[in-house]
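All remarks here apply to the structure that follows.
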Amino acid sequence: MTTTPAEQVAEGQEPGGVAGAVHAYVDRLRGGDLGSLPAMLGLAALVLLFGSLEGDRFLSSFNFANLVGQSAMVIVIAMGLIFVLLLGEIDLAAGFTAGMCAAVLGVTMTEHGWPLALGLGACLLTGVVVGLAQGVLVANLGIPSFVVTLATFLAFQGVLLLIIGDGGTIGIRDETILAIQNDNLPVWGGWLLALVVVGGYALLTLMRRRGRAAAGLATEAFTVWLAKTGLLAVVILAVTYFLNEERSRRPEITSIKGIPYVLPLILVLFVGLTFLLTRTNFGRHVYAVGGNAEAARRAGISVVRVKIICFVLCSTLAAVAGILFASRDNSVSPTTGGTLTLLLAVGAAVIGGTSLFGGKGRIVDAITGGLVVGVILNGLPLLTQEAGIQFAVTGAVLLIAASVDALSRRRSVSG
Amino acid sequence: MSEPDASAATAGGDTPLLELRGIHKSFGAVEVLRGVDLKVRSGRVTALVGDNGAGKSTLIKGVAGIHNFDAGEYLYEGVPVEVHDPKAANALGIEVVYQDLALCNNLDVVHNMFLGREVMKGITLNEDVMEARARKTLDGLAVRTLRSVRQPVASLSGGQRQTVAIARAVLWNSKLVILDEPTAALGVAQTEQVLRLVRQLADNGLGVILISHNLGDVMQVADDIAVLYLGQLAAQVDTKDVQRNQVVELITAGRSGDIGLSPAMAEVAL
Ligand SMILES: Nc1ncnc2c1ncn2[C@@H]1O[C@H](COP(=O)(O)OP(=O)(O)O)[C@@H](O)[C@H]1O
Ligand SMILES: [Mg+2]
């Protein structure tokens, strides 16, 4: 009994501040918890590679804005997939769910002239219904999600084809929807957003520190907080500066600068979903079901309910991605959300650090992994036009990420 | 303190925390429990022993509300109660630590201890309160082996995991903690540590039922021993009144000298 308070103090002090934090981080890595490290290293390596080979084109702010728009759909689908992957399940149909929801948007707004709010509502509601159906089949009937969503993958592809017709397209004309992927925040708006993000992070984390200190709990060293906040500020301000540069090829005719609207949209999804997953009891239960469903059941958690909600979130986020597809392509076609989309989104989540075995993953993984995937998609065509090579490289990257996942899991299981 | 007959119990004045009388339970045609009586008192460790298939797990599952008994009286703090599901048992202050522990490896110690019963602040988890309460509970049990309550359960040793599972059970002002084979998978040092914890629970005033196959553990930590023999209670005796070989006889034959089932009863049971 006598040593316990002393231990508490020792734990609270985190000897060495930043050095201690680095030490703890290395310990975590050794324990098999790699976090965002592989994605960050991969991103740095890819940027160096493409930057040195095709610096002028790849490193331009025009291409950077393009990268954001290209990756956005994969990132949003991956955010949804993370909920399902956390359960140890999969949604193979998420890509075509996005396409089908985009088609609903196109049909209601372009062909039937529905107002924006109703069109968006119909699009998102389609996602909710799809998720509900898939979730019930998996959670209540106990059909493996692999089978359910392989079936819906085919079915939704068919529905998309039936709605649009072979070789046809539905144009998107709504200004607001087109603006998401084609317009930018004013320069001052970008700076304001950057300040709000950095200031908000600093304020929230400071308040959390004070709360923990008041409750007599261990807090991270102030220097660690300072280092984290400083790093975030540098990254956010650099991105804002880069995107606020003029990137038009002919600035005297049209000026293109500012943060694309899709970026704050992703930011809002990131903050909201991270809150849901880490600060609410629902989020806690998602991790519990993914970690040990039987333990969750005995703890009184409704495993069926948690699973269904995760599938609904996944398909609804796919519907959001469908809106982004429609905005970026100005249209919806039978291949919207098809080809590599699903593979890339799963790849993004796994590269970011979400486990295919369930129980491990964070929303930020969708962003880090999505950027890696985006950089590959964006950079490879600068090097080769060969589609075969692009497919092969993308497949290889996904396999490498899955191997890292399996190996780090083995490491943490074996102790 | 050992009361072989009912009149002594009423004369004693202190009602047992849990009392079962004449419990019957059948699965189809198989009568697994046939008139079991059991008394568990606060502040004492009651060991429940018996050969494989004697009905130990069935008995505690009934107490925990997982099965319903077919017949018999279930008294809790002297009052007859109906316990038809695990939630009802929890509400009475009964917690079970199952053999497979049922912890989530990917969650930390605090998260596991509060799983399914999280403390909320509005719509958000109140992590600070949960962490402080988890610490307090572990300190109250004199648990000193956990480096941090924020480390994932995956990184804990078998004994530490057992500790977390037990701490989880006592977090809820529980009055009766039932442990199914808590040391079965542990090494010597860890077994010692868990037994000390079991003792601590009783010393803190809780009633404890300890199911164990290890008579060494039982003789060391239990205050009294209830022996199940083919679905009947052969005897419930004070540990200090019996020798280890007598317990072995009770387990294998249902009787030992003048304690246990009458020869006729033991025969019938076979
Ligand atoms: N759900 C069940 N259905 C049918 N028989 C059961 C069931 N549970 C236990 N039994 C039987 O009841 C008997 C006692 O089992 P159990 O209570 O697990 O014994 P113990 O825990 O003492 O080893 C065994 O013969 C077992 O086969
Ligand atoms: Mg058993």
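FYI, it's all coordinate maths here, none of it is from the lab. This is a predicted model, so every value here is computed, not measured. For neighbour counting, all protein chains shown are included, and Cβ atoms are generated from backbone atoms with ideal geometry for every residue, glycine included.
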- Rg from C-alpha atoms of region A:184-259, normalised by the globular rule of thumb 2.2 N^0.38 Å, equals 1.54
- Message: Through the Karplus equation 6.51 cos²θ - 1.76 cosθ + 1.60, θ set to phi - 60°, convert the phi angles of region B:46-58 into ³J(HN,Hα) values in whole Hz; use x for Gly and Pro.
- Response: 9, 7, 10, 10, x, 5, 4, x, 5, x, 4, 5, 4
- Note on the structure: Helix B:188-203: inclination vs chain B longest Cα principal axis, degrees, rounded to 10, gives 80
- Item | Amide H within-cut-off set for residue B:97, under 5 Å, with H built and near neighbours excluded | B:178, B:179, B:180
- Which number comes out as Rg/Rh for chain B once both Rg and the Kirkwood Rh are worked out on C-alpha atoms? 0.98
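Which whole-number percentage describes the relative contact order of chain B, with Cα contacts under 8 Å and a sequence gap of 6 or more?
Numbers: 497 pairs, mean separation 67.9, N = 270.
That works out to 25 percent.
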- Query: Of A:19, A:349, A:402, which has the largest mean-square fluctuation in a 10 Å C-alpha GNM of chain A?
  - Reply: A:19
- Note on the structure: Distance in Å, no decimals, from the C-alpha centre of region B:35-101 to the one of region B:194-270 is 16
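Which value, in Å³ per residue, describes the convex hull spanned by the Cα atoms of region A:111-193? Could you put the intermediate results ahead of the total?
Numbers: hull volume 13.8 nm³, N = 83.
Spelled out: Cα convex hull of region A:111-193, divided by residues, is 166 Å³.
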- Calculate one ³J(HN,Hα) per residue across region A:324-332 by plugging θ = phi - 60° into the Karplus curve 6.51 cos²θ - 1.76 cosθ + 1.60, and present them in order as whole Hz with x for glycine and proline. 5, 4, 4, 5, 6, 8, 6, 6, 10
- Mind computing the radius of gyration and Dmax over the alpha-carbon atoms of the protein assembly as shown? Å is fine for both. 30.9, 109
- In whole percent, the Cα-Cα distances of region B:100-205 spread across 5 Å bins from 0 upward as 2, 12, 25, 25, 21, 9, 3, 1, 0, 0
- Note on the structure: If the chain between residue B:51 and residue B:129 were fully extended at 0.36 nm per residue, the gain over the current Cα-Cα distance would be 23.7 nm
- Could you give the angle, 0 to 90 degrees to the nearest 10, between helix B:158-170's Cα long axis and the longest principal axis of the Cα atoms of chain B? 80
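Rounded to the nearest 500 deg cm²/dmol, what is the calculated helix-only ellipticity per residue at 222 nm for chain A, with -39500 (n - 2.57) per DSSP H run of length n ≥ 4?
Values: 17 runs with 309 residues, N = 415.
One gets -25500 deg cm²/dmol as the mean residue ellipticity at 222 nm.
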- Inter-label distance, nm, simple model (7 Å from Cα along the C-beta direction), residue A:340/residue A:399: 1.6
- If one builds a Gaussian network model of chain A from Cα atoms under 10 Å apart, the most fluctuating residue listed among A:194, A:202, A:213 is A:213
- Would you work out the relative contact order for region A:184-259, in percent, from Cα pairs under 8 angstrom that are 6 or more residues apart? 46
- Applied in sequence order to region A:55-62, the curve 6.51 cos²θ - 1.76 cosθ + 1.60 (Karplus, θ = phi - 60°) yields integer Hz couplings, x standing for Gly and Pro, of x, 4, 7, 5, 8, 6, 5, 4
- For residue A:106, the net charge from surrounding residues (Cβ-Cβ under 12 Å; K, R +1; D, E -1) works out to -2
- Query: How many nm separate the modelled label positions at residue A:330 and residue A:215, each set 7 Å beyond the Cα in the direction of the Cβ?
  - Reply: 5.3
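Can you divide the C-alpha Rg of region B:48-156 by 2.2 N^0.38 Å and report the result to two decimal places?
Working: Rg = 17.3 Å, N = 109, 2.2 N^0.38 = 13.1 Å.
For region B:48-156, the normalised Cα radius of gyration is 1.33.
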- Task: For an R0 of 51 angstrom, estimate the FRET efficiency from the Cβ-Cβ distance between residue A:271 and residue B:214 and round to the nearest 0.05.
- Result: 0.45
